[in-house]
Amino acid sequence: MLNTVLILGSAPDAVHSRLWQREVFSSIVAINNAWRVREDWDYLVHADDFPDGRLPSTIPRCSAIVKSTEFVPAQNWFGGFVYAGGTMAFTAAYWALKTLKPDILAFAGCDMIYAPDGPTHFYGKGSPDPLRDDVTLRNLEAKSCRLFQYALREGTLCLNLSQLPESRLAIPRSSLDLFQKMTVRRLEAMRTAA
């Protein structure tokens, strides 16, 4: 069985994932507020400073909340926050890479674009991590290329399913349709080889 993990962020186009069939993904990892986009998430990864009032009042059956005690060691395994990046998209990705060991790690709503006008998040305006003056948030494009490379070393392909015209997540783009075709072909190849 192909292990496909969706990392779901809070960019405005995250809402498109509501239309995606759950069967396409083995696991869905929501970041911070993204748990509100879909009710069928498996893991919620949030920063320590994420307000308790924004956490879900009930946790879906068989779902789990991932805290820094779990994601910090995973990110440290891949070089730590200075090299891996301090934004939660990278933190959740490295945690998923280490813990869930996916064949494909897909991203939606993780573009890290914060235009001064218009919505920055699916819920309106939000506080963007990448605009803080912090060494761990410099050159997000390079940090995403690093993630892509480290994932390949682990046997994982990273794909950006974003539909936005611009993204700082500098990994290959894919449509959901192409993503589904890839996963079906891989499954068929695996069945044939068995």
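Computed quantities for the displayed model
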{"read-out": "Cleavage-rule hits, GluC sites (Glu not before Pro), region 1-83, DSSP coil, Cβ neighbours within 10 Å at most 16", "value": "GLU39"}
{"read-out": "Heavy-atom accessible surface of the chain: percent carbon and sulfur, 1.4 Å", "value": "53"}
{"read-out": "Accessible area per residue, Å², the chain with all protein chains present, probe 1.4 Å", "value": "50"}
{"read-out": "Whether region 11-61 is rounded, prolate or oblate, judged on the alpha carbon gyration tensor where a/c under 1.5 counts as rounded", "value": "prolate"}
{"read-out": "Eligible lysines near LYS143 by straight Cα distance, threshold 26 Å, same-chain separation 8 or greater", "value": "LYS67, LYS98, LYS101, LYS125"}
{"read-out": "Given the chain, longest segment not containing exposed loop trypsin sites (Lys or Arg not before Pro) (DSSP; at most 14 other Cβ within 10 Å)", "value": "1-60"}
{"read-out": "Separation between Cα centres of region 60-112 and region 32-50, rounded to whole Å", "value": "12"}
{"read-out": "Option label - semi-axes √(5λ) of the Cα gyration tensor in Å computed here, alternatives (1) 24, 19, 18; (2) 34, 18, 14; (3) 28, 23, 20", "value": "(1)"}
{"read-out": "Helix-only CD estimate at 222 nm, as mean residue ellipticity for the chain, using -39500 (n - 2.57) per DSSP H run (n ≥ 4)", "value": "-9000 deg cm²/dmol"}
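The values are calculated or read from the model by the stated rules, or taken from the named source; none is laboratory data. Remember, predicted model here, so these are calculated numbers, not experimental data. When we count neighbours, we look across all protein chains shown, and the Cβ atoms used for this are built from the backbone with ideal geometry, even at glycine. Heavy atoms of the whole protein, side chains included, go into the accessibility calculation; ligands, DNA and RNA do not. Shrake-Rupley method; radii C 1.70, N 1.55, O 1.52, S 1.80 Å.
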